[in-house]
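The structure appears below as structure tokens.
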Amino acid sequence: MIAVGPVSAPSRTSVARTRWWTEALVIVWLCWVYDAVTNFAPLRLHVALGHAEGVLALERSLGIDPELKLDRWLAGHHTLGLVVSDYYDNAHFVVTLGLLGWLWWSRADLYRPLRNALVLVNVIGFAVFWLYPLAPPRMLTSYGFSDVVASTHAFGSWHTGALASAANQLAAMPSLHMAWAAWCTVVVWRLSRSVWLRGLALLHLCLTAFAVLATGNHYVLDIIGGLVAIAASMLIVWLFEGRPRRRAFRVVPRRRLLASSDSA
């Protein structure tokens, strides 16, 4: 005779922290893939501009094209434009990497699936960058767009100076800014029940959406694409890594179950 008995889930303290150098290798690999895609970007400028005009035309037909109005408005407010541009350039890395480091250090039980989702969404993004190069709105100067980040000389700008050559300027779809911000929101939701912290996470998501549109770096469809990409990444990770957890029961001999119940 056999019976089904419960299997206890691993506790927070039972999961070992991954080696730091393993995580560093993952980051180096992602940077290498990104750089490989970026090297071919200048050769596809004409195609990327054609895609940009098509995306903008589609948005206009759907009535979801606030990019030009937001871009012109922000360009007319230099100080605010500088603040938003600094947020666009820096919060993207500081918030995401800060939360990733905190997870690695203090929540090893949550770290692996969330890290895997973040890695996967970047891989998806890089694949789309290669297959569908898309110029951001700021490159459509004939439509009236301006590069707010460049004009305000934002700190850490990837649009001018030495950093410009290291960035893929034709990587608007999907918006990894939005994907990372959504990932951060999920992480905060998993880490804390504080209404204030969750509110800050949602605020970061909303500010990121405003920043990427108003600075002329993304379209509304890019934002949707980024959210779809992170949702797909988390779903894939859940399907592959969540299956063992969903098997919350295993088959054990009935005698062992009876013995354990008698001793209790």
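The values are calculated or read from the model by the stated rules, or taken from the named source; none is laboratory data. Fair warning: this is a prediction, and the values are worked out from it, not measured in the lab. Because the Cβ atoms are built from the backbone with ideal geometry, glycine has one as well, and the counts that use them run over all protein chains shown. For accessibility, only protein heavy atoms count, side chains too; no ligands or nucleic acids. Shrake-Rupley method; radii C 1.70, N 1.55, O 1.52, S 1.80 Å.
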Count - residues of the range 51-92 that are open to solvent by 60 Å² or more (accessible area, probe 1.4 Å), assigned to a helix (DSSP H, G or I) and more than 15 Å from ALA154 (Cα to Cα): 8
Helices (runs of 4 or more DSSP H) (entirely within the range 107-196) containing at least 2 residues that are over 29 Å from LEU25 (Cβ atoms): 148-151
Count - residues of the range 24-54 that are in contact (Cβ under 8 Å) with a residue 24 or more places away in the chain and either at positive phi or of a type in the set (Val, Ile, Thr) (or both): 5
Qualifying position, being part of a helix (DSSP H, G or I) and modelled with pLDDT of 95 or more, among VAL28, VAL47: VAL47
Residues located in the range 105-141, provided they are under 17 Å from the mean Cα position of the chain (by Cα), open to solvent by 50 Å² or more (accessible area, probe 1.4 Å) and of a type outside the set (A, V, I, L, M): ARG112
Extreme residue, surrounded by the fewest Cβ atoms within 10 Å (Cβ to Cβ), among residues of the range 180-200 that are under 11 Å from the mean Cα position of the chain (by Cα) and among the small types (Gly, Ala, Ser): ALA182
